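Some notes on the structure that comes next.
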Amino acid sequence: MRAARLIKMVLLLQSRRSMTAAELARELEVSERTVTRDAQALSEAGVPVYADRGRAGGYRLIGGYRTRLTGLGRSEAEALFLSGVPSALRELGLADAASAARLKVSAALLPELRDAAEGAAQRFHLDAPGWWQEPEAPALLPAVADAVWDDRRLTARYRRGERTVERELEPYGLVLKAGTWYLAARAQGMLRVYRVDRFTAVSVGDERFARDEEFDLPAFWEQRAAEFARSILRTEAVLRLTPEGARRLPYVTDRTAGREALAAAGEPDGQGRITVTLPVESLDVAYEQLLALGPEAEVLEPAELRRRFADAAARAHELYR
């Protein structure tokens, strides 16, 4: 424990010109008295740690000293590539590994480049979850992530509707989509997608599986996401749209479906309106989505959906007349 802290202290001083005892104490999560003792121990071990006295004082390395303890471990290197998604790192249990990796990289950089990491962090940030959401990390996510890193088979119990099923999985990769974690895994010879928050139990075995070297997680996810989006559009609604309604349609419904419906529309009528046939998930979903268009859209079919909009229009008229 202390050895790791001493190494981290050297790396901190190597990556910065000088640090006060209070700054080191915060970074190392110890007291200032412990920082003083650690600095003395390093000095006795031959590491040239020098303490400047006074208000502007602090600890620094002298003589251009540089440690060679900057080699990245496997988990640190893997975490570094995910460091742009801090919430994902925390949920995967990799926040400490990412912090150590960034520190080692910073210590290995030339002095004039050591502010690169901080400069990038102040200019670019990725906030993955959608607005008005407070996603909770699935409790079993770290265990699933460990299996993914090590290519280990796992046994999982999974909620499917009202039933719970058990599956033997070869976990290929994790995807974070709009605050929800998904696992791409091979089960019964086929690659499938599972929502991690629907796992009720996970057991990671010692046996490793042979990963398909041609598997491309981004390409696989893009294809499955497109297939899923199309699979849930099980019915259709026929709409008459004003030019403004046509412009806004892709923003209130499935974007691809909206654009394809507009592309297939005929010529505008005498009022400049076009008629489109829009694939929708259900009449309930279509009702909620198309309400956002207000008078810019008229539902022609199906009759049940048209009646719901007519009723909504009558109630709105009663409120605002």
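Residues in the range 19-37 that are more than 19 Å from A100 (Cα to Cα) and in contact (Cβ under 8 Å) with a residue 12 or more places away in the chain were compared, and the one that is least open to solvent (accessible area, probe 1.4 Å) is A21.
Note on the range 234-254: residues that are more than 19 Å from A292 (Cα to Cα) and assigned to a loop (DSSP other than H, G, I, E, B) total 1. Scanning the range 198-210 for residues that are closer than 13 Å to E168 by Cα, within 22 Å of the chain's Cα centre (by Cα) and of a type in the set (V, I, T) gives a single hit, V202.
Note on the range 244-265: among residues that are within 19 Å of E222 (Cβ to Cβ) and acidic (D, E), the one that is farthest from the chain's Cα centre (by Cα) is E260. Whether any residue in the range 151-163 is of a type in the set (S, T, N, Q) and surrounded by 16 or more Cβ atoms within 10 Å (Cβ to Cβ) is what I want to check. No, that holds for no residue. Going residue by residue through the range 195-202, is there one that turns out to be without any contact (Cβ under 8 Å) to a residue 40 or more places away in the chain, in contact with a Pro (Cβ under 9 Å, 6 or more places away or on another chain) and surrounded by 12 or more Cβ atoms within 10 Å (Cβ to Cβ)? Taking every residue of the range 195-202 in turn, at least one turns out to be without any contact (Cβ under 8 Å) to a residue 40 or more places away in the chain, in contact with a Pro (Cβ under 9 Å, 6 or more places away or on another chain) and surrounded by 12 or more Cβ atoms within 10 Å (Cβ to Cβ).
Given the condition in a loop (DSSP other than H, G, I, E, B), in contact with a Lys or Arg (Cβ under 7 Å, 6 or more places away or on another chain), among the acidic types (D, E) and open to solvent by less than 90 Å² (accessible area, probe 1.4 Å), answer yes or no: does some residue in the range 295-314 qualify? There is no residue in the range 295-314 that is in a loop (DSSP other than H, G, I, E, B), in contact with a Lys or Arg (Cβ under 7 Å, 6 or more places away or on another chain), among the acidic types (D, E) and open to solvent by less than 90 Å² (accessible area, probe 1.4 Å). Answer yes or no as to whether A286 is closer than 18 Å to T235 by Cα and either surrounded by 15 or more Cβ atoms within 10 Å (Cβ to Cβ) or under 40 Å from the mean Cα position of the chain (by Cα) (or both). Answer is yes for this residue. May I ask you to verify whether G119 is within 23 Å of A226 (Cα to Cα) and at pLDDT below 80? For G119, the condition - within 23 Å of A226 (Cα to Cα) and at pLDDT below 80 - is not met.
Can you tell me which residue within the range 211-232, out of those that are among the charged types (D, E, K, R) and more than 25 Å from T253 (Cβ to Cβ), is nearest to the chain's Cα centre (by Cα)? In this case the residue turns out to be D216. I'm trying to understand the selection: among the residues of the range 234-259, which are open to solvent by less than 90 Å² (accessible area, probe 1.4 Å) and acidic (D, E)? The answer is E244, D254. Looking at this structure, is E288 under 26 Å from R259 (Cβ atoms), among the charged types (D, E, K, R) and touching a residue at least 24 places away in the same chain (Cβ under 8 Å)? No.
The values are calculated or read from the model by the stated rules, or taken from the named source; none is laboratory data. Remember, predicted model here, so these are calculated numbers, not experimental data. In this analysis, Cβ positions are derived from the backbone assuming ideal geometry, glycine residues included, and neighbour counts consider all displayed protein chains. These accessible areas exclude ligands, DNA and RNA; they are computed on the full protein's heavy atoms, side chains included. Shrake-Rupley method; radii C 1.70, N 1.55, O 1.52, S 1.80 Å.
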